[in-house]
Structure formats: structure tokens, C-alpha cells
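FYI, it's all coordinate maths here, none of it is from the lab. In this text the structure is predicted, and so the values were computed from the model without any measurement. Backbone-built Cβ (ideal geometry, glycine too); neighbour counts: all protein chains shown.
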Amino acid sequence: MKELHVKVLENVPVAAGVNRLTFSLPEAVEGLRCGRFVNLSVGDGAHLLRRPIAICEHIESSVTVCYQIKGAGTRSLAERKAGDVLTCVLPLGNGFVLKEEERRVALVGGGVGIFPMISVLKEYGGSGKKFFSYMGFRTRSAVCCEEAIRGGSECAALVTDDGSYGEKMNAVEAFFADYESAKPDVILSCGPLPMLRALKAGLAARGIQTPCYVSLEERMGCGVGACLVCVCSLANGEHARVCKDGPVFSIGEVEL
Amino acid sequence: MADLRVNICGAAFKNPVIAASGTFGFGREFDEIYDIGVLGGISTKGLTLEPRLGNPTPRIAEGYGVILNAVGLQNPGVEAFVREDMPFLRKKGTVIIANVAGRTLDDYAAICARLDGLVDLIELNISCPNVKCGGMAFGIRPESVKEVTRAAKSALAATPLIVKLSPNVESIAVNALAAQEGGADCVSLINTLTGMVIDIERRKPLIANNTGGVSGAGIRPIAVRMVFEVCRAVAIPVIGMGGIACAEDAVEFIMAGASAVQVGTANFTDTLAMPKIIQGLNTWMDAHGVKNLEEIRGCLTLNG
């Protein structure tokens, strides 16, 4: 984990209300991996908190993240131009790790939760694993990264809540509709809490024991595990830090 | 190289920059980024006798130049701290300040008795505005400030006592005097100002606890004024905090009369904030021909 000054290379819309930001790294950073995140400054001095954003793609010298423009902070972040310098702590969190024997992988993503899923496709592309992707969007204008999703997957369903693109259903419904043919060895998921709850309930209702890992989102303070702002409840009654102990948890170990 | 050393109630700080309670845990995470042994001191996450889970989430929100938090004293309890974190902190060679909280006078006395002689200083959290029972209740009225200070002090034989003052009061100087009368060896201020941010789409407060403690650069002028008032009122040392993000901010507090400063929110904005402030103090003092902190402490002259 490092505190670095990074330079914005690109900060452009990829879908309605979603920007893709690529920044260059001033030095080599170890441990950049799918499912981990960066804590990026907004860069205006008024917003003291950094924005924790999942890594979407990384190469040796640059990192790409995608973020929803939701409040004043991300609106301000969207104004940063190529050449602007931001501060960043990275890489943070535990991330997704696929075991050797997990050959068939289901990815269930909703909204901006699709981006950590794409990081998995990018990282394990060419590893021989088969990916079955189920990505849900609110509406047609929110759909993005279709090429990366379809190109990296054995089978991909892009669906929308309102049916304006693909089938009218959510990612979890698309996943269960295809479950018998995908027969995944492991399920990875990221998306809004109601989506993750539906996934957990659906797995329980069908008696599916397949390992399932979810990446959680929470408002963060320090991002490094010190301030105890971003906690989630565990099934054993204890709290875990989303930033340090997560953001990826086994679906059975967290209360959603 | 300026002399940044400061001695507060017998505790020798290598510099006046202390991590503020609640923003730094017990130091382990930041120690992965830099050697926390460079810090003057660390005020720990607020400790209670028993472990606490704290408030529901979201626990944090933002305003212009400020943040609000309502963590609600989540902590592993004093025994886990003594067992697991004390040995680590001791090895780091920085002053250990245990920040403690309780629901009753007996809680305060018991946790102070447990830590007496183990840590360098104890900081009494009587002003945390987030926990419904305890916290605020002790910190508001001068009578209860004095009472809780006395209860804590009576349980301490070896470790000096800092009382951390709330700004959400009628007169922070009067409360500082009450702490001094209760036996405090030092006061620290300001704790956070109580605030609220509303999510207008949901028509609800953004923080689950509804209100949260406001901190960060935006509150600094309020904190400087209060530190100045308290330094005028009491004879014991004062530790200043509130929105310090750079060396020049720290100098303001020292000129207002503070013996040392604490840095909290700035750790979120820049994980290297404190080492930079220490370095910046050196640079500023050298550039201004200031050899030690005594030369500028309380040096402020008011405009006629």
C-alpha cells in the first residue's frame, strides 16, 4: 500500500452518469489485483475524503477505475482533466482470488458493481477458466463495457431493469435462469445491497452450496483500516472492516 | 534543525505532533505506510471497559471542507488493547496516550485504574457526542466535568490525566477550569462539533446516527479561538486540535498557547499528513529563526 501522486490520463463518460478515469503511476506498485480498490482524492481541496473506487483494469504503469457521478464529490472528480494530479492510496482491500480448481466462474454484477467483475475478466483472461457473466443495468443508457464483458465470457447476459436493453430482469434473475447450464464452481458478485441480498436468498432457497464471494461497498474514512467507519456485520456478531478485511467476503460470513 | 521536543506532565514528546483519537486506530495500519515512531505521540481509539460494536453505518459524511463522523466508540475493549496493542506501541518509541470513555463515573475510574502506570498519559473522552448514554452528558456542564475528572483522577497514581473538552458547550474556558479544579493535569481541545447532513433525495440524515461530529479544515478557526480562550483561563498545559492539516496550521495553535497539537481528519486526506507536518514545522522554524517551541508558544499579541 502506497501514498502516491498520480496523473490523470483520461476522465471520460462511459455511460449515463458513469465516468472512466485512467491515471498513470509514478512508480511500480505491487499487488494491483482484481477486486482490490484505490482511495483517490477528489482534487478540489473542499472534499476532504477520498473516494474508494474499485480497480477496473491495470497495466504496469496505469490504473483504470470507473465511478458513478452521484454527489458533489464525484461531480467535482468528473471535472478533473488529463494532466491533473491527484493523490491516491493503493492498492487496498483483499480482492478476488480464484482457486486453480475453480474452472467455471459466474460473475454477477449490478450497476457500478460490474467494474470489479470486469477486473476479474481482465486478470484471468487467458487462464483457461470459463466465465459466465450476468450484468444488470438500470436502463439502456447505463449499459457499458459490453465488449469487455462479452469478449471475456463463455456466455454473457446483459439485462436491464426496464427492458430497454436485453431482457427485462436483474442480474440475479439472469444468473439463476442460466444456473443449470453454467454450473459454476464459484460465484463472484458485486452490486447494490438489495441485489446481493437477492443473490444470498436465491442461493439459500435453491440449496446451492457453491462458494460465493461478494464485494461490499461502504462509505469510508481512512480507507486503510484504522478509523472503523466502514464496518459490516458478520454472521458471528462481530464487525469487519470493509476496507481492510474486505471488500470481498464469503456471502455466508456477512450480514447483508 | 529546530528543537521540536516538548514535555507535557513528564511525558517526553520528540515533537508536538500527536495522532488524534479515532482517526488512527492503534497505529498498526499507518505503520504499514510510514514508521509511526516518528510521531510525537498517539492518542488511541477511544477505549471502554468492554468491547463495543458502535453505531450502524453509514458512519461518515462530508460538508464543505469538513467531515462528520458517528462511529460510536467501536473498540475491542481495554483488555484487548493491553494484551494486543500495547506491546506493539511500546516498541514504536512514541508517547502512548490512552483515550478512554465510559457510561458511568465508576466506568471511568475502573478503566483509569486498569491503565494506570501502563500508558504515558490518559485522555478522558467526556465529549464524544455519539454515544447516547455517557459521553456528552459528562462533558456539557462544568459540574459534571469536574465530577468525572475527579473520579478518574482518584483512580490514578502514576499516569497523568488529560481531559478532552467538548466545544458543544456554553463556555469551553469555564469547563476547562472545571477540569483543572477536578485535578486534570492537562486539557485537550476541541473534540468535534455536533452537526447534521441531510440526503435530500431520501429526506433523511445521511449518517445513520442522524448527527455526527464535525471535523476538518473548515472548523480550524473555531478551534484556534477556543484553544486561545482556554490557554488564557487555565494554568495546566493545553493540547490543541481541530482542522490541522499543515505545519502552518500547527503553528497557529502553538501561538495561541498550545503545548502540542493533535491531527485527525488530515490523516484521511493524506496518509502522510503527520510526518509532513513534523518536517514542515522544522522548515518553518528554521526559516523564522525559531530555535524551540517555547519561543513561540502563546506569543500571540492581540490587535489593539
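How big is the range A:2-92 by the Kirkwood estimate over distinct Cα pairs, in Å? Kindly include the intermediate steps, with their values, before the conclusion.
Working: mean 1/r = 0.0778 Å⁻¹.
Hydrodynamic radius (Kirkwood, Cα pairs) of the range A:2-92 is 12.9 Å.
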Expressed as a whole-number percentage, the relative contact order of chain B with C-alpha contacts under 8 angstrom and at least six residues apart is 19
Inter-part gap, Cα centre of the range B:56-98 to Cα centre of the range B:230-256, in whole angstrom, is 22
Straight distance only, please: which lysines reach the Cα of B:Lys146 with their own Cα at less than 18 Å, same-chain residues fewer than 8 apart left out?
-> B:Lys164
Sketch the reach of a paramagnetic label on A:Ser24 as a point 7 Å from Cα along Cα-to-Cβ, and name the residues of the range A:58-79 whose backbone nitrogen lies under 17 Å away.
-> A:58-65
Counting other C-beta atoms within 10 Å, which of A:Arg241, A:Arg206 has the fewest, and how do the rest follow?
-> A:Arg206, A:Arg241
Give me the angle, in degrees from 0 to 90, between the Cα long axis of helix A:114-124 and the longest principal axis of the Cα atoms of chain A, rounded to the nearest 10.
-> 80
In degrees rounded to 10, the 0-90 angle between helix A:193-205 Cα long axis and the longest Cα principal axis of chain A is 20
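What do the square roots of 5 times the Cα gyration tensor eigenvalues come to for the range B:6-295, in whole Å, largest first, as semi-axes of the equivalent ellipsoid?
Values: eigenvalues 123, 105, 81 Å².
Result for the range B:6-295: semi-axes of 25, 23, 20 Å.
In terms of the Cα gyration tensor, with a ≥ b ≥ c the square roots of its eigenvalues, is the range B:146-259 rounded because a/c is under 1.5, prolate because a/b exceeds b/c, or oblate? Numbers along the way, then the final one.
Details: a/c = 2.47, a/b = 1.48, b/c = 1.66.
In terms of gyration-tensor shape, oblate.
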Could you calculate, for the range B:39-171, the ratio of the Cα radius of gyration to the Kirkwood radius, expressed as Rg to Rh?
-> 0.97
Percent breakdown of C-alpha pair distances by 20 Å bin, ordered from the shortest bin, for the protein assembly as shown | 21, 50, 25, 4, 0
How many percent of DSSP beta bridges within the range B:91-232 run antiparallel, rounded to 5?
-> 30
Multiply the residue gap between B:Thr104 and B:Ser171 by 0.36 nm, knock off their C-alpha separation, and tell me the result in nm, one decimal place.
-> 21.8 nm
Shape call for the range B:216-304, from the Cα gyration tensor axes a ≥ b ≥ c (a/c under 1.5 means rounded, otherwise prolate when a/b beats b/c, else oblate), comes out oblate
Cα convex hull volume per residue for chain A, in Å³, equals 120
What number, in percent, do you get for the relative contact order of the range A:105-154 if the mean sequence gap of Cα pairs under 8 Å and at least 6 apart is divided by its residue count?
-> 46
Which listed residue (A:Thr87, B:Ile219, A:Gly110) has the Cα farthest towards the positive end of the charge dipole for the protein assembly as shown, taking +1 on Lys and Arg C-beta and -1 on Asp and Glu C-beta about the Cα centre?
-> A:Gly110
Whole-angstrom gap from the range A:92-170 to the range B:137-197, using each part's C-alpha centre | 54
Which of A:Gly125, A:Leu21, A:Val159 sits closest to the plus end of the dipole of chain A, meaning its Cα is farthest towards the positive end, when Lys and Arg get +1 and Asp and Glu get -1 on the C-beta?
-> A:Leu21
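Counting alpha carbon pairs within less than 8 Å and at least 6 residues apart, what relative contact order, in whole percent, applies to chain A? Numbers along the way, then the final one.
On the way: 602 pairs, mean separation 45.4, N = 256.
Dividing the mean separation by the residue count of chain A yields 18 percent.
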Give me the percent of DSSP beta bridges within the protein assembly as shown that run antiparallel, rounded to the nearest 5.
-> 50
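For a quick check: sort B:Ser154, B:Ser188, A:Ser181 by the number of other beta carbons within 10 angstrom, fewest at the front. Provide the component values of the computation, followed by the final result.
Working: B:Ser154 15, B:Ser188 35, A:Ser181 8.
Sorted ascending by nearby Cβ count, the order is A:Ser181, B:Ser154, B:Ser188.
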Rounded, prolate or oblate: which fits the range B:1-61, taking a ≥ b ≥ c as square roots of the Cα gyration tensor eigenvalues, rounded meaning a/c under 1.5, else prolate when a/b beats b/c?
-> prolate
Could you work out the Kirkwood radius for the range A:104-215, taking every pair of different alpha carbons, averaging 1/r and inverting it, reported in Å?
-> 13.6
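Within the set A:Lys81/A:Lys130; A:Lys81/B:Lys92; A:Lys7/A:Lys70; A:Lys7/B:Lys45; A:Lys200/B:Lys45; A:Lys129/A:Lys168, which residue pairs have Cα atoms separated by over 32 Å? It would help to have the intermediate numbers written out before the result.
Working: A:Lys81/A:Lys130 37 Å; A:Lys81/B:Lys92 41 Å; A:Lys7/A:Lys70 23 Å; A:Lys7/B:Lys45 34 Å; A:Lys200/B:Lys45 34 Å; A:Lys129/A:Lys168 28 Å.
The answer is A:Lys81/A:Lys130; A:Lys81/B:Lys92; A:Lys7/B:Lys45; A:Lys200/B:Lys45.
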Lys, Arg +1 and Asp, Glu -1 on Cβ, resulting dipole of the range A:104-215 about Cα centre, debye, nearest 20 | 220
Tell me, how many Å apart are the Cα centres for the range A:192-256 and for the range A:37-79?
-> 22
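Dipole size in debye (nearest 20) for chain B around its Cα centre, Lys and Arg Cβ +1, Asp and Glu Cβ -1?
400
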